[in-house]
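Read the figures in this text as sums done on the coordinates, not as results from a lab. Treat the numbers as computed from the prediction; the structure is a model and nothing was measured. Cβ placement follows ideal geometry from the backbone for every residue including glycine, while neighbour counts extend to all protein chains displayed.
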Amino acid sequence: MIKGIGTDLADIQFFEQCLNDNKTSVIQETFTAQEITTSERGPVPTAHRLAGRFAVKEAFFKAISQTMLHQNRKINVIAKEIEVCVDHIGRPYLSLHGQMDLIAREMGIKNIHVSISHEKGYALGFVILEG
Ligand SMILES: CC(C)(COP(=O)(O)OP(=O)(O)OC[C@H]1O[C@@H](n2cnc3c(N)ncnc32)[C@H](O)[C@@H]1OP(=O)(O)O)[C@@H](O)C(=O)NCCC(=O)NCCS
């Protein structure tokens, strides 16, 4: 059963700017060390990959907020608790931590499907929650 879906577009230029201006605090508050390391690997520019990961974090929030609204519950999102990892062939998947992991368990989420795309100025994140 589908428990939630979410999608988001992120502006790649924003992350290019952060990297160029050495705004490491923005990057470090938003992404885990592993997300930063994997975004720096390979031929795709780092800003594209960070934007894609950010879009997934926002998409995940949209997907869970449908249920949160039903329950009249407010949550403070800690972006790093929604970690975008990659498997051995480059497919993204989510690893949840702390409060986000707890919420997902309470919602009875058994599977999280994630997809990323980037083209020109934008990166897209798409999330489906299955329970
Ligand atoms: C994997 C592939 C589909 C990515 O497509 P793309 O247009 O180059 O790039 P996009 O920006 O849309 O997507 C990139 C994201 O796809 C995801 N991705 C990479 N490999 C993947 C895979 N095997 N399965 C699912 N998602 C994958 C990653 O999250 C990546 O983002 P990241 O680098 O920030 O982690 C493409 O490189 C590929 O291998 N295509 C082969 C299929 C083919 O020959 N198609 C021809 C027409 S059918």
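Which value at 222 nm does the chain reach when only helices count, each DSSP H run of 4 or more adding -39,500 (n - 2.57), with the total divided by all residues and rounded to the nearest 500 deg cm²/dmol?
-13500 deg cm²/dmol
DSSP loop (so not H, G, I, E, B), at most 14 other Cβ within 10 Å: list which trypsin sites (Lys or Arg not before Pro) in the stretch 1-102 pass both filters.
Hits after loop and neighbour filter: Lys23, Arg41, Arg73, Lys74.
Rank the residues Ser25, Ser65 as a footprinting-exposure proxy: fewest other Cβ atoms within 10 Å of their Cβ go first. All intermediate terms of the calculation are to be shown ahead of the outcome.
Values: Ser25 9, Ser65 16.
So the ranking, lowest neighbour count to highest, is Ser25, Ser65.
How big, on average over all directions, is the shadow cast by the Cα convex hull of the chain, in nm²?
Its Cα hull, projected and averaged over all orientations, spans 7.9 nm².
If you put +1 on each Lys and Arg Cβ and -1 on each Asp and Glu Cβ, how big is the dipole of the chain around its Cα centre, in Debye rounded to 20?
Roughly 300 debye, rounded to the nearest 20.
I'd like the FRET efficiency for Glu40 and Val77, computed as 1/(1 + (r/R0)^6) with the beta carbon distance as r and R0 of 41 Å, rounded to 0.05.
0.95
For Ile2, project a label point 7 Å along Cα to C-beta. Then give me every residue of the stretch 58-92 with its amide nitrogen under 13 Å of that point.
Counting only backbone N, you get 63.
In the stretch 2-130, what is the count of Lys pairs whose alpha carbons are under 28 Å apart, counting only pairs at least 8 residues apart or on separate chains?
Lysine pairs, 8 or more places apart or on different chains, close enough: 20.
Note the full-extension length gain between Gln28 and Asp11 as 0.36 nm times their separation in residues minus their Cα-Cα distance, in nm to one decimal.
4.3 nm
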